[in-house]
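The values are calculated or read from the model by the stated rules, or taken from the named source; none is laboratory data. If you're wondering where the values come from, they're calculated on a predicted model, not measured in any experiment. Backbone-built Cβ (ideal geometry, glycine too); neighbour counts: all protein chains shown.
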Amino acid sequence: MRRRVLELVWRSHAPVGAYALLDVLRDEGRNAAPPTVYRALDFLLENGLIHRIESLNAFIGCSDPRRPHQGQHLICRRCGSVTELAAAEIIGAVRASAAAVGFTVERQTIEIAGVCATCAAVE
């Protein structure tokens, strides 16, 4: 189940919700229930194979699952595409700013809304 969920998340390279995954699994004749899909997603998240896009309540494949990292996600408000960045200078700036006020960052995911190059070219 975990492998199939990972394949489905990676299939479109676009954010996909848990219930959309559940629908595909059921269409394939698999006996899947929401807790099963969420357990698979949790496992994939914990192992750095996917990322959760909080603002979309969806998941995308990680662009570099071989190394643990925290990143930024550029979300196109027109087409819904998501591009993952791993800009160390942004991560460092957030940590430094947080430390200046006595806050310890444990995890950070930054979501940035805007317009992708493809959509901007259509204007």
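Laid out as a table, the results:
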read-out	value
Residue among ASN31, ASN47 that alone is closer than 27 Å to VAL105 by Cβ, more than 10 Å from the chain's Cα centre (by Cα) and not assigned by TED's automatic domain parsing to the domain that holds THR118	ASN47
Filter pass, LEU6 being under 14 Å from the mean Cα position of the chain (by Cα) and either in a helix (DSSP H, G or I) or within 17 Å of SER63 (Cα to Cα) (or both)	yes
Filtered residues of segment 13-57 (kept if more than 26 Å from GLN70 (Cβ to Cβ), part of a helix (DSSP H, G or I) and charged (D, E, K, R))	ASP23, ARG26, ASP27
Filter result for ALA121 (more than 10 Å from the chain's Cα centre (by Cα), modelled with pLDDT of 95 or more and surrounded by 11 or more Cβ atoms within 10 Å (Cβ to Cβ))	no
Test: residue in segment 62-74 that is among the aliphatic types (A, V, I, L, M) and closer than 28 Å to ALA88 by Cβ	yes
Residue in segment 59-73 that is outside the structural domain of CYS119 (by TED's automatic domain parsing) and among the aliphatic types (A, V, I, L, M) present	yes
Breaking point among (1) touching a Cys at 6+ places or on another chain (Cβ under 9 Å); (2) in a strand (DSSP E or B); (3) not charged (D, E, K, R), for ILE60	(1)
In segment 100-123, the residues that are of a type in the set (D, E, K, R) and closer than 19 Å to ALA86 by Cα	GLU106, ARG107, GLU111
Pair list, Cβ < 7 Å and 6+ apart or interchain, from segment 49-69 residues that are of a type in the set (Lys, Arg) to residues that are at pLDDT 85 or above and crowded, with 17+ Cβ neighbours inside 10 Å	ARG52/PHE59
VAL101 being surrounded by 13 or more Cβ atoms within 10 Å (Cβ to Cβ) and either under 18 Å from the mean Cα position of the chain (by Cα) or more than 18 Å from HIS13 (Cβ to Cβ) (or both)	no
Condition check for LEU85: hydrophobic (A, V, I, L, M, F, W, C) and touching a Gly at 6+ places or on another chain (Cβ under 8 Å)	yes
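Rundown of residues vs (1) among the basic types (Lys, Arg); (2) farther than 19 Å from THR109 by Cα; (3) in contact with a strand residue (DSSP E or B) (Cβ under 6 Å, 6 or more places away or on another chain), yes/no style:
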residue	(1), (2), (3)
ARG3	yes, yes, no
LEU22	no, yes, no
ALA40	no, yes, no
SER55	no, no, yes
